[in-house]
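Worksheet for the structure shown next.
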Amino acid sequence: MHTLRSGDATIAYDVDGDGDPLLLIMGLAADRRMWMLQLPVLTPHFRCITFDNRGIGDSTAPPGPFSMEQMAADALAVLDEAQVERAHVLAISMGGAVAQHLALKAPERIRSMVLASTWCSKNPYTQRMSDVGRMIMEAGGQAAITRASMLWLFTPKFILERSAFVQQIEQMALEFATHPEVFERQLEALLEHDVRDQLARLDIPTRVMCGRRDIMVPPELSEELSAAIPGADLKLLDGGHAYNLEEFDAFNKTVLEFLTQH
């Protein structure tokens, strides 16, 4: 593990593999370990740089509100520290929002992007989803929201057939759970994410991906995102929000196919 200073936060990151640099940006309240089913496939082809967003995992949680701009600056600081001039980016969920801000902030640093399970503008669906999450957190605490989140992350079929794996992910989520106040800071920053009207100026090869059965960030939001980025393509895969774990073979193949073309 390496660390660097980005503004008022200490950011933890790892570098593994050989080839062109690939920056991987994880989602809300998840640490860099959640790329565990992607790295074995990607590291033979790319120099993979994973990091913990501020407030999660081995990165620190400075006081005060968070913003997507801050988290994009953290990602840029990781590239600087790793001495990477230009990188591919693979980002999922909240990480996809961070990647959009990074692309708008420093487009010259991004060679291509894969944006998975994410969206580009404030909307009533994600607001309602977050409101329900808050209610569960307030009523039952971290254990309740973590248990409920498994229903949002995975399809019923996967939970029925791979219950032991789902329990493993649930236990990992409990282990790296951050303080509720820090979780709220990440969530508030995410809910303010709204760059739809700015994305038209991007000139970066982009693939947007989503799970057909994602109820946390449904395909309609990925369709809006892909339409907003010039030249972006859209790939629908089976699975729910965490289809990088549920349908990892198809996810990895689709990501690798795109990245190796650019």
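The values are calculated or read from the model by the stated rules, or taken from the named source; none is laboratory data. Being a predicted model, the structure only gives us computed values, none of them experimental. Glycine gets a Cβ as well: all are built from the backbone with ideal geometry, and neighbour counts include every protein chain shown.
The figures follow:
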quantity: Matching residues in the range 48-89 - criterion: being hydroxyl-bearing (Ser, Thr, Tyr) and at pLDDT 95 or above; calculated: THR50
quantity: Count of the range 163-176 residues which are more than 19 Å from ILE56 (Cα to Cα) and either polar (S, T, N, Q) or crowded, with 16+ Cβ neighbours inside 10 Å (or both); calculated: 3
quantity: Criterion violated by ILE136 - all others in (1) part of a helix (DSSP H, G or I); (2) surrounded by fewer than 21 Cβ atoms within 10 Å (Cβ to Cβ); (3) in contact (Cβ under 8 Å) with a residue 60 or more places away in the chain satisfied; calculated: (3)
quantity: Filter result (closer than 22 Å to HIS45 by Cα and either free of Cβ contacts under 8 Å to residues at least 60 places away in the same chain or crowded, with 18+ Cβ neighbours inside 10 Å (or both)) within the range 85-107; calculated: GLU85, ALA87, HIS88, VAL89, LEU90, ALA91, ILE92, GLY95, GLY96, ALA99
quantity: Which numbered condition LEU199 fails, given (1) out of contact with any Pro (no Cβ under 9 Å at 6 or more places or on another chain); (2) surrounded by 14 or more Cβ atoms within 10 Å (Cβ to Cβ); (3) of a type in the set (A, V, I, L, M); calculated: (1)
quantity: Subset of the range 1-45 (residues that are in a strand (DSSP E or B), in contact with a helix residue (DSSP H, G or I) (Cβ under 6 Å, 6 or more places away or on another chain) and among the small types (Gly, Ala, Ser)); calculated: SER6
quantity: The listed residue being farther than 17 Å from LEU199 by Cα and modelled with pLDDT under 95, out of ILE145, ILE92; calculated: ILE145
quantity: Search result, residues across the range 1-56 that are touching a Gly at 6+ places or on another chain (Cβ under 9 Å), crowded, with 16+ Cβ neighbours inside 10 Å, within 15 Å of GLY95 (Cα to Cα) and not β-branched (Val, Ile, Thr); calculated: LEU24, MET26, GLY27, LEU28, ALA29, ALA30, ASP31, ARG32, MET34, PHE51, ASN53, ARG54
